[in-house]
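Presented below is the structure to which this report refers.
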Amino acid sequence: MDRTLFTPPMIETFRVCRRAYEMAFVSPGQSPPVRGKTSVVTKRFILRALAEINRGRIGNIQQVQKFLGAHWPSDRLSLDAHSSAQEENIQAFRFVYRVLTNYILKPYCPEKVQIAAVNLKVRARIPQSRVYLEDTFDLIYWHPEKKMLEFVDYHMHALRPFDPAWPSPALLVKQFLAERLRSRWQFDKLMVTYCQVKPDSFVTTGIELDESAYRLHWPELLSTVEEMKDPGDYAPQRNALCKRCQFLSECLSLGQAKPGDTSGNAVCRSA
């Protein structure tokens with residue numbers, strides 16, 4: 001097998017556990033059922049709703065209620081005969097409603113910024129290679145006075161501590177793809193803001209992407225990508241089934257789509 005398109009979730013999963021990578025992205029099953037894991041479906045619905053808020057299509061609580069009534073994915077949630085599953089779905093609906101009504105009243109929006117793009121999928125080819133990298137940016141802010149692009153990444157759980165001197169594959173890919181956007185926004189700085197949305201507030205953690213750290217760790221990512229093109233044996237890197245494998249087994253048995261799949265309304269390509 002020779003793959004030519006990779007995303008940050010694919011790279012991160014491959015590094016953690018090759019067995020999980022094979023389950024999620026190589027052979028996830030031919031005819032999965034329709035329903036999926038509640039937490040995954042809920043997260044994707046929140047991201048979809050936040051995109052509509054950032055586009056200005058949802059502007060008040062009444063419109064949030066209307067959006068929930070029209071688009072709540074009840075047909076994709078896990079259902080069984082146990083009352084615990086029904087209660088889980090009710091709690092998920094309440095959680096989503098509280099998150100969206102709170103965010104609509106006080107969204108994350110720094111002063112003197114312009115919305116550059118919402119839910120933008122960007123793809124670019126690695127130079128001297130037939131490999132493409134792709135990612136979806138939830139929200140991009142342009143700071144004209146600072147000449148800075150800010151990538152806002154929404155998530156539901158608290159961010160784990162990390163050292164900016166050791167950027168994750170996701171940060172390295174974002175920094176690589178940012179060059180594809182330079183023709184539209186002549187930025188001098190790049191910033192990533194992780195925005196954790198909660199039922200009663202949101203918490204942000206921002207880091208400025210460092211060029212020296214990018215140059216230092218980029219060759220390591222390239223090495224991983226080259227190995228992913230034709231990895232050969234997908235033998236697990238751990239003896240026991242890891243938590244990621246267990247989670248993926250649950251998702252795939254329920255028919256959940258591949259982790260990391262996102263849908264964007266636009267694609268930037270680089271030949």
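The values are calculated or read from the model by the stated rules, or taken from the named source; none is laboratory data. The shown structure was predicted, so the numbers you read here are calculated from the model rather than taken from an experiment. Ideal geometry is used to build each Cβ from the backbone, glycine not excepted, and the neighbour counts take in all protein chains shown. Quick note on the areas: whole protein, heavy atoms, side chains included, nothing else; ligands and nucleic acids left out. Shrake-Rupley method; radii C 1.70, N 1.55, O 1.52, S 1.80 Å.
In the set Pro32, Pro28, which member is in contact with a Gly (Cβ under 8 Å, 6 or more places away or on another chain) and modelled with pLDDT under 90?
When all the criteria are applied, what remains is Pro32.
Being of a type outside the set (S, T, N, Q), out of contact with any strand residue (DSSP E or B) (no Cβ under 7 Å at 6 or more places or on another chain) and part of a loop (DSSP other than H, G, I, E, B), is that true of even one residue in the stretch 61-75?
Yes, the stretch 61-75 contains a residue that is of a type outside the set (S, T, N, Q), out of contact with any strand residue (DSSP E or B) (no Cβ under 7 Å at 6 or more places or on another chain) and part of a loop (DSSP other than H, G, I, E, B).
Would you check which residues across the stretch 43-60 are surrounded by fewer than 18 Cβ atoms within 10 Å (Cβ to Cβ) and part of a loop (DSSP other than H, G, I, E, B) and list them?
Correct list: Arg55, Gly56, Arg57, Gly59, Asn60.
Please verify whether Asp210 is under 17 Å from Cys109 (Cβ atoms), surrounded by 14 or more Cβ atoms within 10 Å (Cβ to Cβ) and not hydroxyl-bearing (Ser, Thr, Tyr), treating the condition exactly as stated.
No.
Would you confirm whether or not the stretch 121-128 contains a residue that is free of Cβ contacts under 8 Å to residues at least 60 places away in the same chain and of a type outside the set (D, E, K, R)?
The answer is yes, given that some residue of the stretch 121-128 is free of Cβ contacts under 8 Å to residues at least 60 places away in the same chain and of a type outside the set (D, E, K, R).
Please identify the pairs in which a residue from the stretch 6-26 that is more than 20 Å from Ala124 (Cβ to Cβ) and open to solvent by less than 10 Å² (accessible area, probe 1.4 Å) has its Cβ atom under 7 Å from the Cβ atom of a residue that is among the polar types (S, T, N, Q) and in a helix (DSSP H, G or I), counting only partners at least 6 apart or on another chain.
Ala20/Thr13; Tyr21/Thr13; Ala24/Thr13
Just to check your reading of the model, which residue among Leu100, Leu77 is among the aliphatic types (A, V, I, L, M), surrounded by 15 or more Cβ atoms within 10 Å (Cβ to Cβ) and at pLDDT 90 or above?
Step by step, each of Leu100, Leu77 is checked, and only Leu100 is among the aliphatic types (A, V, I, L, M), surrounded by 15 or more Cβ atoms within 10 Å (Cβ to Cβ) and at pLDDT 90 or above.
Under 30 Å from Glu226 (Cα atoms), open to solvent by less than 20 Å² (accessible area, probe 1.4 Å) and touching a residue at least 12 places away in the same chain (Cβ under 8 Å): does that describe Pro164?
Taking the combined requirement at face value, the residue does not satisfy it.
Going by the structure shown, is Arg215 out of contact with any helix residue (DSSP H, G or I) (no Cβ under 8 Å at 6 or more places or on another chain), under 29 Å from Ile53 (Cβ atoms), open to solvent by 50 Å² or more (accessible area, probe 1.4 Å) and of a type outside the set (Phe, Trp, Tyr)?
no
This table checks each residue for (1) open to solvent by 30 Å² or more (accessible area, probe 1.4 Å); (2) within 21 Å of Asp188 (Cα to Cα); (3) basic (Lys, Arg).
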position	(1), (2), (3)
Arg125	yes, no, yes
Arg130	yes, no, yes
Leu139	no, yes, no
Lys146	yes, yes, yes
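Of the conditions (1) touching a residue at least 40 places away in the same chain (Cβ under 8 Å); (2) open to solvent by 30 Å² or more (accessible area, probe 1.4 Å); (3) among the charged types (D, E, K, R); (4) farther than 23 Å from Gly56 by Cβ, Asp153 satisfies every one except a single condition; which number is it?
Checking Asp153 against (1) touching a residue at least 40 places away in the same chain (Cβ under 8 Å); (2) open to solvent by 30 Å² or more (accessible area, probe 1.4 Å); (3) among the charged types (D, E, K, R); (4) farther than 23 Å from Gly56 by Cβ, the one that fails is (4).
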